[in-house]
Amino acid sequence: GIHSFSRARLLPVPLPSSFPAMDASRQPLVGNSGGNFPRSESMLTNSSAILIEAEQIRQRYKRLHPKGALDDEKDYKTLVHTLSWERLSAIFKSKFGADGRCRNGPCGLKEQQAARYFEVYGKNQITPPQKQNKWLKLLEQTFCGIFNILLWGCVVAEVLLIVLSSSRSGAAPKKPKTLKLIAPGTASQEAEEDEGEQEADYVTPIILSAVIVMAAMLQWHAEQQAEDQMASLQKMQAASKVPCVRVDNNGQRLDCEVDPVNLVPGDIIFLEAGNRIPADVRILYCSDGMEVDNSALTGESMPEPRHTKTEPITCSPTEARNLAFFGTTVLKGNAACIVHATGDSTFLGKIAQGIKSSRVKSTLEYQIEHFIHIIAVVAIIVGALSLVANLMSPIKRSAAEVLQNSAAALFAQVPEGLLPTVTISLMIASEQMAKKYVLVRKIDAVETLGCVSVFCSDKTGTLTKGEMTVQDLAVPLPGGPAEGLKVYNREPGANVFTIKEENMLGDVALCGILNNAANFRIENGAEAFTGSPTEVAILRACVQVHGGPGAVRNTKSKLENDNVFEIPFNSENKWMLTIHGQPSRSHMFAVLKGAPDRVLKFCTVAKDGAAMAQIETTMSDLMAQARRVLCIAKRSLGPSEIPDGAKFEGTGPDDCNFPMKDFEFVGLYGIEDPPKEGVAEAVVKAQKAGVKVVMVTGDHPDTARAIAGRINILKDSYDDEGEQLQGYAEFAVITGAMLESRVPKSDNFTDDEPDELVQWWKKATQHTRVFARVSPIHKQVI
């Protein structure tokens, strides 16, 4: 009720639909402001309009998802990659530019509309796991846990004994104290000591309480430090503002920069190389050859190209090349995109929601719980036996003395020093892990790590370096490609090429330096490379072969190597061409680099069957080792082939004003994301210790199989055990497609799973060493 109506100013409050309508004959209530109280009908109308609009927004958004898809669907399901621009514009009520660039004219959402969307969809951030209050956590670690409860039980029992002892001594008549001289070792001295021992023992409960509290505080402090370090790392990764375009209230274009958390579905944003993608987006326009790094989500180590074409309905969203995902990075090119999912609705958000679960007990907790059960049983038995012995003793004792003796016998079985010993040991191990660059958030995890029997590891960036590297340089023998190709590999451990015949690698290194979109500079005495990972890999290898940064600078500064024309790599040509030289000297040359099938057709070797056979054999050998192979060729341009004024033009072989044929084959680059140093040895050590090592990756099965073979996860020949086990070869490598129909519908397996499925997973867990092309949800199931 309103108890102070005369002083209260009445404010409009939305009323429920069941609220009775106001009688027209009644006078409106009047507050001290003198204004009439708004009618409930108008309030209901405004509130309903907002709710109706919000529901319309949600219903339009549902059109982006397959029929029957739930709002809390665990898997990432969307149809946005299959819809036309017109359909997307209608669903989001967002304006697009005619060419998709959205650089001119009114584009994007209206500001008022964006505000409405923000109310419906909320902030563009993944809901973090609920954090426990740090002080409550300290109290929990101090007073909870079965071992802590047992120790606190000891403290309480000691206090009760003190109370009983005090009450007994208080009830006994006090004798006047007299000075006595007692000889050492006499019965009188022993009786005096017994009397002192029977007095209240205040020290034991105080020390035991201090031990429990200090052990809890040590564990709490160590875990709190780890949490603070994690929070600091996350703050360092905060994203910068995103260029965005909207429409103001006057219908005019409004270019602005928006915080990523304030983006909403329907916003049009602009991305360029180096940007971290702030939400899940559909690409409306992108430059030729745009590439993104999806390794954080899919495990694919190679950069993935992007385009604007509508994908077929059979294409899964994670495979669609007109989508880019929250948390990934643009490596090359630029794009205009429309945001279609934010926060928990993004691919990364679905992964985060899928792996949220209550913390399971650690192996240490299970072991301590089992140990405490044994201690409790033994202590109770000893206490009971002590009680029986005291009752049956010929020496008559009071009930308080019997209780004290039995309690002492019972609590003598409790190892009070176990808790601080375990805590300090785990803290020491945690510090040792920190020296190995491992941050331990829960110190129990250190002991759990020692109990591991199966180790499932991602590939990209974990077992491998996470960066593309040229592992092989293949060049023709002096007699030409028809005689064969010589392949130069990096020296194991040294990470450099074995160069015995420098002339053999001169051309492939020079052409790789001149025809390259990457850049390098010296920062603080170290080489810093920027650009597409593939280009950086080639440039880094060629710089090393060519003699280092100084030699490269000298080579590029020569006038005969000056870059005068370039056709950049694009998704149609799949090659890059550069022309170098001085027009005044009438001598120039072109360098062509790209996919082997596209480059070789411009080379003279295309007409030589023997040469092509040698090149294809070498390429097959490299690809069998999961290498990505690129080809490079060169061609001299005579005076008659150089256009007037050396004004080169064209974007491909059909419209170039210079000859695009008769190139000389120079060599091949074999590129991969190589294993980290020491990984192969670490896998062998783990296997000898009885730990099964399994690779779980989103990368291609051939790539995963090749890397797994090199780091001893997959053996080239079956060992004795492998030969005896049926199904080893069949289950050695399993793909995501094989898992689709075999994952549980709920978060985990149940006892009601079909027997066929159970048997399949039993074989998989027994034999499988590589899971490839799997999604993050699959990884959780594995």
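Taken together, F118, F143, F147 contain a single residue that is hydrophobic (A, V, I, L, M, F, W, C) and at pLDDT 90 or above, which is F118. Within region 708-748, take every residue that is charged (D, E, K, R), outside any helix (DSSP H, G or I) and closer than 22 Å to E681 by Cβ and give me the one that is modelled with the lowest pLDDT. Checked region 708-748; the qualifying residue modelled with the lowest pLDDT is D719. Among the residues of region 463-481, some residue qualifies, meaning at least one is among the acidic types (D, E), modelled with pLDDT of 90 or more and either surrounded by fewer than 18 Cβ atoms within 10 Å (Cβ to Cβ) or under 19 Å from A706 (Cβ atoms) (or both). Among the residues of region 287-309, those that are of a type in the set (A, V, I, L, M, F, W, C) and open to solvent by 20 Å² or more (accessible area, probe 1.4 Å) comprise A296, M302. Here S301 passes the criteria (1) closer than 30 Å to L88 by Cα; (2) in contact with a strand residue (DSSP E or B) (Cβ under 8 Å, 6 or more places away or on another chain) except the one numbered (1).
Every residue, every condition in (1) more than 45 Å from the chain's Cα centre (by Cα); (2) among the aliphatic types (A, V, I, L, M); (3) surrounded by 15 or more Cβ atoms within 10 Å (Cβ to Cβ), yes or no:
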{"residue": "N563", "(1), (2), (3)": "no, no, no"}
{"residue": "E572", "(1), (2), (3)": "no, no, no"}
{"residue": "S586", "(1), (2), (3)": "yes, no, no"}
{"residue": "T604", "(1), (2), (3)": "yes, no, yes"}
{"residue": "M612", "(1), (2), (3)": "no, yes, yes"}
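The C-beta contact set for region 473-494 (first residue closer than 16 Å to Q625 by Cβ and among the β-branched types (V, I, T), second residue modelled with pLDDT of 90 or more and in a strand (DSSP E or B), distance under 7 angstrom, 6+ apart or interchain) comprises V487/D472; V487/A474.
Screening S393 with (1) modelled with pLDDT of 75 or more; (2) open to solvent by 40 Å² or more (accessible area, probe 1.4 Å) gives one miss only, at (2).
Across region 667-693, what is the total count of residues that are more than 16 Å from C451 (Cα to Cα) and aliphatic (A, V, I, L, M)? The qualifying residues number 7. The conditions are (1) open to solvent by less than 60 Å² (accessible area, probe 1.4 Å); (2) at pLDDT below 85; (3) out of contact with any Cys (no Cβ under 7 Å at 6 or more places or on another chain); (4) of a type in the set (S, T, N, Q), and T363 fails exactly one of them. Which is it? Only one criterion is unmet by T363, namely (3). Among the helices (runs of 4 or more DSSP H) confined to region 337-447, the ones with at least 1 residues that are within 30 Å of A324 (Cα to Cα) and touching a residue at least 12 places away in the same chain (Cβ under 8 Å) are located at 347-354. Pairs are defined by a Cβ separation below 7 Å, a sequence spacing of at least 6 or placement on different chains, a first member in region 79-106 that is under 17 Å from K309 (Cβ atoms), and a second member that is aliphatic (A, V, I, L, M) and open to solvent by 30 Å² or more (accessible area, probe 1.4 Å); the pairs so defined are T82/I313.
Which one is nearest to the chain's Cα centre (by Cα) among residues in region 545-561 that are open to solvent by 20 Å² or more (accessible area, probe 1.4 Å) and under 15 Å from A518 (Cα atoms)? The extreme case among them is P549. Every condition in (1) under 33 Å from the mean Cα position of the chain (by Cα); (2) surrounded by fewer than 16 Cβ atoms within 10 Å (Cβ to Cβ); (3) among the small types (G, A, S) is met by A399 except one, and the failing one is (1). In region 112-125, the residues that are open to solvent by 30 Å² or more (accessible area, probe 1.4 Å) reach residues that are among the hydroxyl-bearing types (S, T, Y) and part of a helix (DSSP H, G or I) with C-beta atoms within less than 8 angstrom, at least six apart or across chains, in these pairs: Y121/S345. If you filter region 639-663 down to residues that are assigned to a loop (DSSP other than H, G, I, E, B) and out of contact with any strand residue (DSSP E or B) (no Cβ under 9 Å at 6 or more places or on another chain), you find that the one that is least open to solvent (accessible area, probe 1.4 Å) is P643. Screening C542 on (1) exposed (fewer than 13 other Cβ atoms within 10 Å of the Cβ); (2) within 17 Å of G506 (Cβ to Cβ) shows it passes everything except condition (1). Among the residues here, W152 qualifies as surrounded by 15 or more Cβ atoms within 10 Å (Cβ to Cβ), closer than 30 Å to A399 by Cα and at pLDDT 80 or above. The sole residue among N489, N503 that is polar (S, T, N, Q), in contact with a Ser or Thr (Cβ under 8 Å, 6 or more places away or on another chain) and open to solvent by 60 Å² or more (accessible area, probe 1.4 Å) is N489.
Checked against the criterion of being open to solvent by 30 Å² or more (accessible area, probe 1.4 Å) and either under 22 Å from K332 (Cα atoms) or at pLDDT 90 or above (or both), the candidates L271, L284, L263, L254 yield just one match: L254. Among the residues of region 664-674, is any open to solvent by 60 Å² or more (accessible area, probe 1.4 Å) and of a type outside the set (V, I, T)? Looking through region 664-674, at least one residue is open to solvent by 60 Å² or more (accessible area, probe 1.4 Å) and of a type outside the set (V, I, T). With the requirement that a residue be of a type in the set (D, E, K, R), within 30 Å of I207 (Cβ to Cβ) and within 27 Å of the chain's Cα centre (by Cα), what does region 104-154 give you? Scanning region 104-154 gives K134, K137.
When A407 is tested against (1) open to solvent by 40 Å² or more (accessible area, probe 1.4 Å); (2) modelled with pLDDT under 80, only condition (1) is not met.
The values are calculated or read from the model by the stated rules, or taken from the named source; none is laboratory data. No experiment lies behind these values; they were computed from the predicted model shown. FYI the Cβ positions are ideal-geometry reconstructions off the backbone, even for glycines, and counts take in every protein chain you see. The protein model used for the area step is the full one, side chains on, heavy atoms only, and it has no ligands, DNA or RNA in it. Shrake-Rupley method; radii C 1.70, N 1.55, O 1.52, S 1.80 Å.
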